[in-house]
Amino acid sequence: MADTAAVQPKATWLFLTRKGPPAVGGMETLSHEVTTRLAMRRPVRVVARGDESLARFLVRAATRLVVECRARRLALVHIGDAVLAPLGIVPRLFGVATAVNLHGLDVTYDAPVYAMWRRMFLRRFDRFICISEATRDAAVARGVPAAATAVIGIGVDPQPLDETPRDDATLLFVGRLVPRKGLRWFVANVFARLRADRPALRLVVIGYGPERAVLEADAACRAALPAIVWVGAAPEPDKRGWLARATIAVMPNVPLAGDMEGFGIVALEAAAHGCPLVAADLEGLRDAVVDGVSGVLVEAGDADAWCRAVAALLDDPVARSSLGESARRHVANERGWDPIIDRYERVLQDAVDARTR
């Protein structure tokens, strides 16, 4: 994303974001899809952070806001996440409608300096758009007015049906290698036990993060290291390929104080590829997964329940196929981007209209 300089009519909606391509992740995907798809419907401009520091971006974006607001060009300013909340001060001074997206960690991160930042600046927005009910609950618990919130999830593009047979014994994990994603817990408490009866079982890990070294050390101690394929940060075609042929995808998140899974876009990506999914029953994953329809939800941290759920699917190819087909139909019918963008447009237009009444 980059600034666009063409003069736009007064109805322009300006989006400010620090997340977007070429970086990958749920926040990046959401920011890119919402801005590019809304731009097909109405005048939209985007100011995005490049490789500059956050402080420099805040100054640049604030300067741009002052210029645009003084010229009376804007009807709405949308802030990409709570970290950028101070930027909402400028449009409010000029009577321009403001909205902010809330994702999860940007709400729950409780380091003292950031908690003070949030208390000072995450206020008086016309709309707070939360990506899940769990994010909304966390925001309201921290003082965000419930009446100003709206819950809008994430969408997914349908994927072409791949007739290639799925592997018989490949578990797939996609995500950052950080504690809340639960991979370390899963390897120690579930994968090692499943392999005792299924020596051919392997675990493919797509992602990177600070836990990589400790994960490898733990796996080596349990003699599981040779059964783990470390793919790293895979490009999208490679990730899609693994989702199309893995036996089961797993999202074994664990609860972590001060952190949370705001939504879990990997759950939608797995479903779009017809990949059977087992996920932790917590936080935003409850919005991303419909239990028994687009995946199986299992109590977080319950190793016995996880072993039973994954083993049941490993041992029953008919059940796996049925779950994958059900998940594919569900996201095609309920999780496409068009209804998501429709909802964004309505909520943001309501914020604009409320300012003009």
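Every read-out reported here was derived from the displayed coordinates using simple, explicitly stated rules and does not represent laboratory data. Just so it is clear, the structure is predicted and the values come from calculations on it, not from any experiment. Cβ: placed from backbone, ideal geometry, glycine included. Neighbour counts: every protein chain shown.
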Checking rank on 80-92, 337-349, 295-307, with mean other Cβ inside 10 Å and highest first, the result is 80-92, 295-307, 337-349
Answer in debye to the nearest 20: the dipole magnitude of segment 104-203 about its Cα centre, from +1 Lys/Arg and -1 Asp/Glu charges placed on Cβ, is 600 debye
Which residues qualify? For Thr98, with a placed amide H closer than 5 Å and at least 5 residues away or on another chain, they are Val77, Asp126, Arg127
Summing -39500 (n - 2.57) over every DSSP H run of at least 4 residues in the chain and dividing by its residue count gives a helix-only mean residue ellipticity at 222 nm, to the nearest 500 deg cm²/dmol, of -12500 deg cm²/dmol
Restricting to Cα pairs under 8 Å and 6 or more apart, the percent relative contact order of segment 170-334 works out to 23 percent
Of 152-162, 241-251, ordering from highest average Cβ density within 10 Å down gives 241-251, 152-162
Diffing segment 317-322: the Karplus 3J(HN,Hα) column from phi (6.51, -1.76, 1.60, θ = phi - 60°), in whole Hz with x for Gly and Pro, holds x, 5, 5, 4, 4, 5
A correct Karplus calculation of ³J(HN,Hα) over segment 140-157, with 6.51 cos²θ - 1.76 cosθ + 1.60, θ = phi - 60°, whole Hz and x for Gly and Pro, returns 4, 4, 9, x, 5, x, 4, 5, 9, 8, 9, 9, 10, x, 10, x, 8, 7
By the C-alpha gyration tensor axes a ≥ b ≥ c (rounded if a/c is under 1.5, else prolate when a/b exceeds b/c, else oblate), the shape of segment 170-334 is rounded
Note on segment 170-334, DSSP bridge orientation, antiparallel percent to nearest 5 equals 5 percent
When Arg72, Arg335 are ranked with the fewest other C-beta atoms within 10 Å first, the list becomes Arg72, Arg335
For the chain the mean separation of alpha carbon contacts under 8 Å (6+ apart) over residue count, i.e. relative contact order in percent, is 16 percent
Ranking Phe263, Val293, Ala233 by how far each Cα lies towards the positive end of the charge dipole of segment 137-295 (+1 on Lys and Arg Cβ, -1 on Asp and Glu Cβ), the top one is Ala233
Using alpha carbon centers only, segment 46-96 is separated from segment 112-136 by a whole-angstrom value of 16 Å
